[in-house]
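Written out below as structure tokens is the structure these notes cover.
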Amino acid sequence: MGLKLLACLFNFPVGVVYGSLSLFISILHNVFLLYYVDTFVSIYKIDKLSFWIGETVFLIWNSLNDPLFGWLSDRAFLSTQQSGIAISTPEVVSKRLKALRRNGPLFAVSFLAFWIAWANPGLQFLICLCLYDSFLTMVDLNQNALLADLAVSAKDRTDLNFYSSLFSAIGSLSVFMSYAVWNKEDFSSFRVFCVALAFCSALGFTLATWLLRQWLQTDGHVKWDENEALKELYIDHPSRNQDKRITLAEYLKQLSRHHNFLWFVSMNLMQVFHCHFNSNFFPLFLEHLLSDRISLSMGSFLLGVSYVAPHLNNLYFLSLCRRWGVYAVVRGLFFLKLLLSVIMLLAGPDWIYLLCFFIASNRVFTEGTCKLLNLVVSDLVDEDFVLNRRQQAASALLFGMVALVTKPGQTFAPLIGTWLLSAYTGYDIFQRDPLSSIVSAQPRLASSVAWKPTLRQGCFYLLVFVPMSCALLQLLTWSQFSLHGRRLQTVKSQRQAFTESHSREIKTI
């Protein structure tokens, strides 16, 4: 009764409720990213071997669980479209919401497991990372799949993504709030803060999924009734009513023939690489390019902007997507990345304000592009549905396959960046510092002052040439991507036609 009264008092649009799911994820995930390493290293005193074993296992599990959970979620949908009855979209959305209602609170509980010492630090680190990433993956996959299942038109999906970006920006504020309670000497206040965040997240998932289920039952009950009636009116073709189940090997074979998927993941692999390169080397660029030129507060401001601005900036990008389409906006961002890199290269490292703008904008625009790519994956879900005549779009599985191919970019970023700088300077000067989880520079020789100009120049070229190279390669691969314009409209109209095609075989009464 209380929830019904709440639903009457707050008649939220579907986009707002869907977007709020991003809030309940981001308020926890941003705090996790910022503090989990420091907690285990500085407070729980984990040894270096256990730390790297945990990170290695986490890297493997993080790459594999996306397609695994996607397959487990969507394998029932991987039958070719025969004359039998297709699984209705309301049933699919209901399944996604059940998964979110179940895994959302469990995701919040797994977040809490980091902040209380309950086992050997190495064992707890490994278990907590794998559990947390498992529930995060389930929540992310089902939320992203809803983007493709709740709407087909580009406008509706853009609206859903708009609210998701807005609430993600609001959720990023939890990072700023955490600074007030973070204290390694007295950890109790931070624990209470994390418990409060987890409670809000679990309650939010429960309420949001309930509201979406109410909307689904209220708005879709006519379609549900029609589907039940149609099931009784279908012509029975005994020779054709058995759908052909698709095995994982057959699905991978179908995916290998999906050319737009292959071009997209090639481009997105470089995008993931660039996003994590910016995250890994952002403190390094501040230290060696700007630390002696700007104040500490200015450096903190640049860090804060890099967290919140991508979400806010994405709201403007989405308005452009409504007008010009996602393909054109993403291509424009690649050209902008290339143009800014060329301007910065020609200007040199001594233009401090331009350098500040370039460092911040490089991260903001790159992260903003990542936020738009879920719309492209949703379009690929439509094309996969049409090309393979599926009963129902395998949304979660396709998002998982994209993650499988592109997540190695997270590992390549620090490795390739370190190698490039070492190759340019001739010295092994980078070392990953697990205590602060940032990249620090330490020259091999004692006379560090003598190598400062070389190191600064190396950081500058790394800052400029990586986005320039990524932009060129991405423009090349993106030019081969054909799912836009008339082709995209054709795919969307065919998906809508396939969804309604079952009505053609109703018996004449």
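Structure notes:
- Exclusive hit being free of Cβ contacts under 8 Å to residues at least 60 places away in the same chain and either assigned to a helix (DSSP H, G or I) or outside the structural domain of Met298 (by the TED database) (or both), set Leu372, Leu345, Leu380, Leu339: Leu339
- Look at (1) modelled with pLDDT under 85; (2) open to solvent by less than 30 Å² (accessible area, probe 1.4 Å); (3) polar (S, T, N, Q) and you find that Ser341 fails only one, number (1).
- Tally, over segment 379-424, of residues that are in contact with a helix residue (DSSP H, G or I) (Cβ under 7 Å, 6 or more places away or on another chain), among the hydrophobic types (A, V, I, L, M, F, W, C) and closer than 20 Å to Gln271 by Cβ: 12
- The combined condition, being under 18 Å from Ser26 (Cβ atoms) and open to solvent by 10 Å² or more (accessible area, probe 1.4 Å), is not fulfilled by Leu150.
- Filter result for the condition that a residue is out of contact with any Asp or Glu (no Cβ under 7 Å at 6 or more places or on another chain), assigned to a helix (DSSP H, G or I) and at pLDDT below 80, over Ser94, Ser50, Ser63: Ser63
- Boolean, Leu207 is touching a Gly at 6+ places or on another chain (Cβ under 6 Å) and in a helix (DSSP H, G or I): no
- Exactly one residue out of Ala441, Ala413 is open to solvent by less than 60 Å² (accessible area, probe 1.4 Å), closer than 16 Å to Phe277 by Cα, at pLDDT below 70 and among the aliphatic types (A, V, I, L, M), and it is Ala441.
- Ile116 part of a helix (DSSP H, G or I), out of contact with any strand residue (DSSP E or B) (no Cβ under 9 Å at 6 or more places or on another chain) and over 25 Å from Val17 (Cα atoms): no
The values are calculated or read from the model by the stated rules, or taken from the named source; none is laboratory data. Predicted, not measured: the structure shown is a model, and the values here were computed from it. Cβ atoms come from the backbone with ideal geometry, glycine included; neighbour counts cover every protein chain shown. Calculation scope for accessible area: heavy atoms of the full protein, side chains included, ligands and nucleic acids excluded. Shrake-Rupley method; radii C 1.70, N 1.55, O 1.52, S 1.80 Å.
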